[in-house]
1. Return the average number of partner chain Cβ atoms within 10 angstrom of each residue Cβ along peptide B:346-359.
2. In terms of Cα to Cα distance under 15 Å, which aspartates and glutamates are near enough to C:Lys156, apart from those fewer than 8 places away along the same chain?
3. Say a site is exposed when it is one of the trypsin sites (Lys or Arg not before Pro), sits in a DSSP loop, and has at most 15 other Cβ atoms within 10 Å; what is then the longest site-free stretch of chain B?
4. Of the options B:Val371, C:Phe181, C:Gly164, report the single residue whose Cα projects farthest towards the positive end of the charge dipole of the protein assembly as shown (beta-carbon charges: Lys, Arg +1; Asp, Glu -1).
5. Given Cα pairs under 8 Å that are at least 6 residues apart, what percent is the relative contact order of chain B?
6. How crowded by other chains is D:52-65, given as the mean number of beta carbons from other chains within 10 Å of each beta carbon?
7. List the longest stretch of chain C that has no exposed loop site; here a site is one of the GluC sites (Glu not before Pro) assigned by DSSP to anything other than H, G, I, E or B, with at most 10 other Cβ within 10 Å.
8. Cα-based Rg of chain C per 2.2 N^0.38 Å, rounded to two decimals?
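Only the coordinates and a few stated rules stand behind these numbers; no lab work does. Keep in mind that what you see is a predicted model, and the values were worked out from it rather than measured. Note: ideal-geometry Cβ built from the backbone for every residue, glycine included; neighbour counts use all protein chains shown.
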Amino acid sequence: MSGRVVLVTNNPRYLSNVTSIDFIDGSSWDVLVKVRDMVHGGCKLLSHPLYGNLRPYQQPFRSAILSLKSDNDYSRVDEYSLTLIEHALSVYRSCLDRLLLRGVLPPATEEDYAFMDMELMKQTLLQYDIFSEKGV
Amino acid sequence: MKLELHKVKVSKLAWGDKTAVRDGVLFVNKEELVSMLSEDERLAKVDVELAMPGESVRILPVKDVIEPRCKIEGKGGIFPGMVSDVETVGEGKTLVLEGAAVVTTGKIVRFQEGIIDMSGPGADYCPYSQTNNVVLLLDPVVDLEKHDHEAACRLAGLKTAAYLAECCRDCEPDRVDVYETLSFRESMHAYPDLPKVAYLYMLQSQGLLHDTWVYGVDAKKSLPTLISPTEVMDGAIVSGNCVSACDKNNTYVHLNNPIINSMYEHHGKDFNFVGCIITNENVTLADKKRSSSYSIKLASMMGLDGLLISEEGFGNPDADLIMNCWKAERAGMKTTLLTDEYAGQDGASQSLADSCPEGDACVTAGNANEVITLPPMEKVLGYPDEANIIAGGWDGSLASDGTITVELQAIIGSTCELGFTKLGAYTI
Amino acid sequence: MSYRVVHYINQFFAGIGGEEKADHKPEIREGVVGPGMALNNALGDEAEIVATAICGDTYFATDIEKAAVEVLEMIRKYNPDAVVLGPAFNAGRYGSACGAMGDAIATELGIPVVSGMYPENPGVEMYRKSMYIIETPDSARGMGKAVPAMAKMLLKLLKGEKTGLPSEEGYIERGIRINKFYEKLAAERCVDMFVSKLKGEPFVTEYPMPVFDRVEPNLPVTDMKNATVAIVTSGGICPKGNPDHIEASSASKYGEYSIEGYDDLTSADHCTAHGGYDATYADDDPDRVLPVDVMREMEKEGVFKKLHNKFYTTVGNGTAVASAKKFGAAIADKLKADGVDAVILTST
Amino acid sequence: MVKEIERAGLPVVHVCTIVPISLTVGANRIVPAIAIPHPLGDPTKPFEEEKAIRRHLVEKALKALQTPVTEQTVFND
């Protein structure tokens, strides 16, 4: 794998374990928009943006792992990444008015969601070597 | 490889001094079962309840459903790599308590469990409303880590299923079903006039707690591989899923995979069914590409003419399904897909998260977003409040009188992508 | 007692006049008007047209939301059990008006609505999910066929009878998925379909994957030096401040703006309304999406005769295929009317 | 949108970044552009150079409009 790998997420649970992170203090939608802009700029998705079996109004957290582009070659938009992120956005857009936001669920439930989100990403994070069980 | 399924019919459950089947009644020694399950120090409290079809009983949150089976002859033991040694299974004789099921419950990942209603409108949608259920209520010790909690529940269910069948191993079967698979060399030359086909069996493997186990191996960490249908009947594939209830493939449905059954029925008449390829549904895109290419490579090596593909879950796995489909078609194999739909409560949204023109033959097990009202039940096993949290429910799903309004997504097995129900959808 | 039905028609079918009367304001009259007579006959004793709402096509199209509310309020006063719209055949603005009315009635009044259109009417793509639209021929010559089918469908809905498949009832597929229990397990259906496909026999998929249609390419421009070229974009470029409030995604409208006198678009006068990409670059220099600067240069050099003095813009982000189609058709109409010879369409 | 303009009888060229999408939506004359956020520009280049790139793309678009095609055609350099 060439190039640097980064996790874009709004799940604070990662902050202590992931070595390369772009933390978005916002909603799951904000995360996907950021990912979209990065894909438009030539970054490549390494994880599926619609991971997990939950609808946008069922999970307040969203995370994506991308490899950063190595130069300013805009022409190399990764088509598959683009298809995936645009589709994910359209799924989220269809229920934007009832998006589940952070901070509205009881803390224990939100913690469950945060935990689950990290579980789903962990394997990919380990694969790309930016996760440390011991903490960073 | 030849496997005989010795089926003992169970049409009723009752408590008894000795766990055994008599005249279609499965008697359960509760004390013995509870004490066996309580050996697991991860569980603080274990209770067992019985629920039968037609009763005014609701069970939630349900994690998995397992059919009681045990090996009575042949290599290995039931659920290899889980409760038995990892010896290869799939031949000899296996006892099945047909009509009985073990249901595990627990608040593991709370929003990812399901509902079973034993009567009422919800029962029409749920395959496990028709089984006689031994329900395990499992409470973990304080602060038990979630993976340990999931593993403890999974093991308790499998142990119970094996225990119940084991207690009945000397029973006379009501029926014996025989399944035979030929060696590769033989099957390649059998039925030279019929198309050679296989079943591409996709297993949920998005991450910990979204897993499927094959001989005790996490499917996520394995390359696609071949498996004999009779191995599946002996519990080589076990669900470890805490995902949406409607389309997670429970261990019960793996054991009774209706696609495999149906393919056996057509075998030798319409096609030559040469085996199953199992593959995974990972989150990592590189894994998706690798697994789909590898599966189709295996299929090409087998010289297949056709591939029937089933999915597990939705969203992310749609990408795997579609990749498998077009890669197979472009390699010259005819495909047919089995999936379910998330078309929104009004049925007007795009059903799948991905598509390809090659996917021209597709059967669906229904729209999981359809809303259903489940009237109150006299008895609730588990935690009724979970209806407000469960995927497919929402805050307010549970009314004060016990009525639950949810999407089908919350009902276990309602849109099973192994095609275990008669539900489907059409366009108006 | 028979059901009370209100009928909606345009100025043409009301006998008021053609295009010159298309700005006719909404009105409602007691009883039947124009094609309402045939419809009333087809409804028989079971339902009766109590009133006919009429609106000019241009009036409706100019501000769809406003017109829909106005007509809706008129209809509401008659306390109907159902509303029939059109048929609009292949008339685009009429079809869109019928569709918008059907959508508003279904949402606001929750009563049955039936319309009739030719499948290529843009109103179909836009509103088929909201109501039953009976498939009609492309012109009013098909009235005799359309009206009985619409009446039959309406009565079914009024009586709460189960409606059949599009092919059985003659309505245009709405694209709505409905669950049902089949005779066989899904697994058995799947293996049956697999067998048919292997044998090369016909089968019907239970879930048709989305397909895309194609249009034949037009002949090229042969005399560019004398051509008028227009620029259109789905990249959302609009005058600064987005005066028409084009939505950042799922756009419900397109904009038409003059570039008379502009040799160059700058951040001082134009911006993007698009929410589907990082807007920084387009906001800094809108020419990066809509190349007015170089088009002007080339116009002056005589590469082509004229840069069309208006540009059209919308946001291609999350915008339904149906809307995009409608915008495309409307824009094309205007460009043709203005004598444009060729179009450059830019997308992000 | 591009399809409807074509359907109406006007020759149209689609200048867009992601060619496969343009093919999917049914454009017949396609000119690949620079990048999604700036299809006809490149902010990393000095202004004059950027404008030259833009002019080149528009020239290609005009050329496409003057070229007979019978099927979906991508106009590369």
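1. Other-chain Cβ atoms within 10 Å of each residue's Cβ, averaged: 5.
2. C:Asp45, C:Glu46, C:Glu48, C:Asp81, C:Glu168, C:Glu169
3. B:270-428
4. Of the candidates, C:Gly164 comes out farthest on the positive side.
5. Details: 1120 pairs, mean separation 80.8, N = 428.
Answer for chain B is 19 percent.
6. The mean count of partner-chain Cβ atoms within 10 Å per residue comes to 5.
7. My reading of the result: C:1-160 is the longest stretch.
8. Taking the Cα Rg and dividing by 2.2 N^0.38 Å, one obtains 1.18.
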